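The values are calculated or read from the model by the stated rules, or taken from the named source; none is laboratory data. Nothing here was measured: the structure is a model prediction, and the numbers come from that model. Because the Cβ atoms are built from the backbone with ideal geometry, glycine has one as well, and the counts that use them run over all protein chains shown. Ligands, DNA and RNA are stripped out before the accessible areas are found, and what is left, the full protein with its side chains, is counted by its heavy atoms. Shrake-Rupley method; radii C 1.70, N 1.55, O 1.52, S 1.80 Å.
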Amino acid sequence: MSGKSIGLSDELHEYLLSVSLRESAVMAELREETAEHPKSQMQIAPEQAQFLRFLVQLIGARRTLEIGVFTGYSAMAVAEVLPPNGEVVACDISEEYTQVARRYWQKAGVDDTIDLRIAPAAETLQALLDDGQAGTFDFSFIDADKKTYDTYYERSLDLLRPGGVIALDNVFRDGRVTGSRSDDESVRAIQELNEKLHEDDRVEITMLPLADGVTLAMKR
Ligand code: SAM
Ligand code: CA
């Protein structure tokens, strides 16, 4: 018996995927195409996408936020399992990356479910708040530029209903969060946010050693 999570060898990771991964044909195709992209490592892991799908269904999510779309894999994973009147407000600044996303969302029949907003995500979130949509979202997945995570977290918290969940990706920053404050601005931002969340009474938290670390924060 062990008090800490088991280290995931390549062999064990392959086993995990072989006995648990369920992925639609279009999602698998998108993952294959993205693998050829020079920034393919930005895409979340397939078992992580499956976890997000599980979670949004568990909390009965209808309206969700996606902050950092890239080629659209995580947004599609969530959109596929939302109820018929469900909606993903998806934020990114790149027309180039999200062209791929649009193509696959159409192929999967979820393009009507996803409202893609090309603008800095902080502006899109503020516009939703200015539009009186505070408290109307169920779920937010934060996976864009790390130095702005705190703003994404605060805006998401305002936009979520009590019981809504925020998932923050890359909270381990490839293991660089340990030790003293990093010289790297993006790592430092995550170190500071991790510590802030630890003390934040507005949420229940759990930090999962899944992929590059995922923190879940449930609004009280
Ligand atoms: N969740 C995606 C997936 O599963 O494939 C990966 C997202 S990728 C790690 C980060 C994305 O954030 C990039 O597509 C990038 O264009 C976008 N991004 C960077 N800065 C941004 C900003 N200020 N506002 C919105 N999106 C931004
Ligand atoms: Ca990520």
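For segment 1-80, chymotrypsin sites (Phe, Trp or Tyr not before Pro) meeting the loop criterion (DSSP other than H, G, I, E, B) and having at most 14 other Cβ atoms within 10 Å: none. Solvent exposure of T178, expressed as accessible area, is near 100 Å², computed with a probe of 1.4 Å over the protein chains only. Each residue of segment 212-220 was assigned a 3J(HN,Hα) from its phi angle through the Karplus expression (A = 6.51, B = -1.76, C = 1.60, θ = phi - 60°), giving 8, x, 10, 9, 9, 10, 9, 5, 7 Hz with x at Gly and Pro.
Taking loop as defined by DSSP and a crowding limit of 14 other beta carbons within 10 Å, which trypsin sites (Lys or Arg not before Pro) in segment 1-103 fit? All intermediate terms of the calculation are to be shown ahead of the outcome.
Details: sites: K4, R22, R31, K39, R53, R62, R63, R102, R103; in loops: K4, R22, K39, R62.
Sites meeting the loop and neighbour criteria: K4, R22, K39.
Between amide H atoms placed 1.01 Å from N, distances below 5 Å from F137 occur with L160, R161, all of them 5 or more places distant or on a separate chain. Quick one: which residues, 5+ away or cross-chain, put their amide H under 5 Å from the amide H of L208? H built at 1.01 Å from N. Amide H neighbours of L208, under 5 Å, 5+ apart: V214, T215, L216. Overall shape: rounded for the chain, with the ratio a/c of the largest to smallest alpha carbon gyration tensor axis below 1.5.
Express in nm, to one decimal, how much length is gained between T136 and T178 on full extension, taking 0.36 nm for each residue of separation and deducting their alpha carbon distance. Write down the numbers at each step before the final one.
Details: separation 42, 0.36 × 42 = 15.12 nm, distance 3.56 nm.
Full extension from T136 to T178 adds 11.6 nm.
Using R₀ = 22 Å, calculate the FRET efficiency as 1/(1 + (r/R₀)^6) where r is the Cβ-Cβ separation of D200 and L8; round to 0.05. Mind dumping the intermediate values first?
Numbers: r = 29 Å, r/R0 = 1.30.
The formula returns an efficiency of 0.15 here.
Counting only protein heavy atoms and a probe of 1.4 Å, the accessible surface of the chain is 50% carbon and sulfur.
With a probe of 1.4 Å, find how much accessible area segment 10-219 has per residue, and write the answer as a whole number in Å². Show your work: numbers first, answer last.
On the way: 10100 Å² over 210 residues.
That works out to 48 Å² for each residue.
Given the DSSP H assignment, sum -39500 (n - 2.57) over each helix run of at least 4 residues in the chain and divide by its residue total; what's the result at 222 nm in deg cm²/dmol, nearest 500?
Working: 8 runs with 92 residues, N = 220.
Computed ellipticity for the chain at 222 nm equals -13000 deg cm²/dmol.
Looking at segment 24-91, which GluC sites (Glu not before Pro) are DSSP coil and have at most 14 other C-beta atoms within 10 Å of their C-beta?
E36
For K196, the lysines whose Cα falls under 17 Å of its own Cα, not counting residues fewer than eight places away in the same chain, are K146, K147, K219. Residue separation of R102 and L58 scaled by 0.36 nm, minus their Cα-Cα distance, works out to 13.2 nm of gained length. Near V203, the amide H atoms lying under 5 Å from its own belong to R220; only residues 5 or more places off or on other chains count, and H is placed 1.01 Å from N.
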